[in-house]
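Asks: After the structure tokens below, expect a handful of questions from me.
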């Protein structure tokens, strides 16, 4: 329904699609400006940083496209309109995720994907089967990890209805963090994205293997291949949080 609604006005859709892509591209412009003054950023070259930018943007963009509407759940809780969702014979999760589905968010995915393709062409990597599998796993598992953060943040809004910005700090803020090499951040912060909120498994850790760069913090080598495990654990934790949030919901009575 929301796709048909968006495409009913194709000119408006393409304007918003382009605007979404350009807004995302501004983050890459900042990186380009930095490399106008240096050849390396934290020991990483321009194509390597573009690789991080592309994988971060594509995974966040896909998660945002599929279930990004969940960050508006707090407003539903305040209004009491979650009641409507719960009485319908369809999964509450599916309804909330699909509500106001915004196809224009493909703009971020497209723009980030183009940067990723450019980076891969410039890197001249030796594409072994292992590298291909790890890259494909990055895109899939990164989407699941970001999606899990969206879901967990939405579940938290059952308790704290005005917590959308907390969620955004981990999704959009986390994606911005992952656009830059881990070597430019403090070691404790990087370790926090490995053993705390596991955003490092989106691209930092698997990128060490794909790009063949040394580990800056000294984590176990097998973690470079642990993105599927991290995605599975994140999805399970987000599912439990969602179920707990639904059970704790109390209507406004309106």
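The values are calculated or read from the model by the stated rules, or taken from the named source; none is laboratory data. Note that the structure is a prediction, hence the values are computed from the model and not measured. Reconstructed Cβ throughout: ideal geometry from the backbone, glycine too, with neighbour counts over all protein chains shown.
Asks: Hey, can you tell me all the residues within the stretch 192-213 that are farther than 15 Å from residue 229 by Cα and surrounded by fewer than 16 Cβ atoms within 10 Å (Cβ to Cβ)?
Replies: 192, 212 - these are the residues of the stretch 192-213 that are farther than 15 Å from residue 229 by Cα and surrounded by fewer than 16 Cβ atoms within 10 Å (Cβ to Cβ).
Asks: Any idea which of 134, 90 is part of a helix (DSSP H, G or I) and at negative phi?
Replies: Of the residues listed, the single one that is part of a helix (DSSP H, G or I) and at negative phi is 134.
Asks: Scan (1) assigned to a helix (DSSP H, G or I); (2) over 20 Å from residue 51 (Cα atoms); (3) touching a residue at least 60 places away in the same chain (Cβ under 8 Å) for the single condition residue 251 breaks and write down its number.
Replies: Just one mismatch for residue 251, condition (1).
Asks: What number of residues in the stretch 200-226 are farther than 18 Å from residue 127 by Cβ and either in contact (Cβ under 8 Å) with a residue 60 or more places away in the chain or in contact with a helix residue (DSSP H, G or I) (Cβ under 7 Å, 6 or more places away or on another chain) (or both)?
Replies: Residues flagged as farther than 18 Å from residue 127 by Cβ and either in contact (Cβ under 8 Å) with a residue 60 or more places away in the chain or in contact with a helix residue (DSSP H, G or I) (Cβ under 7 Å, 6 or more places away or on another chain) (or both) within the stretch 200-226 amount to 11.
Asks: Is it the case that residue 229 is over 30 Å from residue 76 (Cα atoms), assigned to a helix (DSSP H, G or I), free of Cβ contacts under 8 Å to residues at least 40 places away in the same chain and touching a helix residue (DSSP H, G or I) at 6+ places or on another chain (Cβ under 6 Å)?
Replies: Criteria not met by residue 229.
Asks: Of the residues that make up the stretch 105-125, is at least one surrounded by fewer than 20 Cβ atoms within 10 Å (Cβ to Cβ), part of a helix (DSSP H, G or I), touching a helix residue (DSSP H, G or I) at 6+ places or on another chain (Cβ under 9 Å) and at pLDDT below 90?
Replies: Yes.
Asks: Further question on the same structure: May I ask you to list pairs of residues, at least six apart or on different chains, whose Cβ atoms are under 7 Å apart, with the first in the stretch 156-170 being within 14 Å of residue 238 (Cα to Cα) and the second being part of a helix (DSSP H, G or I) and at pLDDT below 70?
Replies: What qualifies is 157/164.
Asks: Look through the stretch 1-13, keep the residues that are touching a helix residue (DSSP H, G or I) at 6+ places or on another chain (Cβ under 9 Å), closer than 12 Å to residue 104 by Cα and loosely packed, with under 13 Cβ neighbours inside 10 Å, and return whichever of them is modelled with the highest pLDDT.
Replies: If we take residues in the stretch 1-13 being touching a helix residue (DSSP H, G or I) at 6+ places or on another chain (Cβ under 9 Å), closer than 12 Å to residue 104 by Cα and loosely packed, with under 13 Cβ neighbours inside 10 Å, then 12 is modelled with the highest pLDDT.
Asks: So residue 197 fits all but one of (1) assigned to a helix (DSSP H, G or I); (2) closer than 20 Å to residue 62 by Cβ; (3) at pLDDT below 90; (4) in contact with a helix residue (DSSP H, G or I) (Cβ under 7 Å, 6 or more places away or on another chain); what number is the exception?
Replies: Here residue 197 clears every test but (1).
Asks: Can you tell me which of 24, 69, 56 is under 15 Å from the mean Cα position of the chain (by Cα), in a helix (DSSP H, G or I) and free of Cβ contacts under 8 Å to residues at least 40 places away in the same chain?
Replies: Result of the check over 24, 69, 56: 69.
Asks: Could I ask something else about it? Given the criteria touching a strand residue (DSSP E or B) at 6+ places or on another chain (Cβ under 9 Å), modelled with pLDDT of 90 or more and at negative phi, does residue 49 qualify?
Replies: yes
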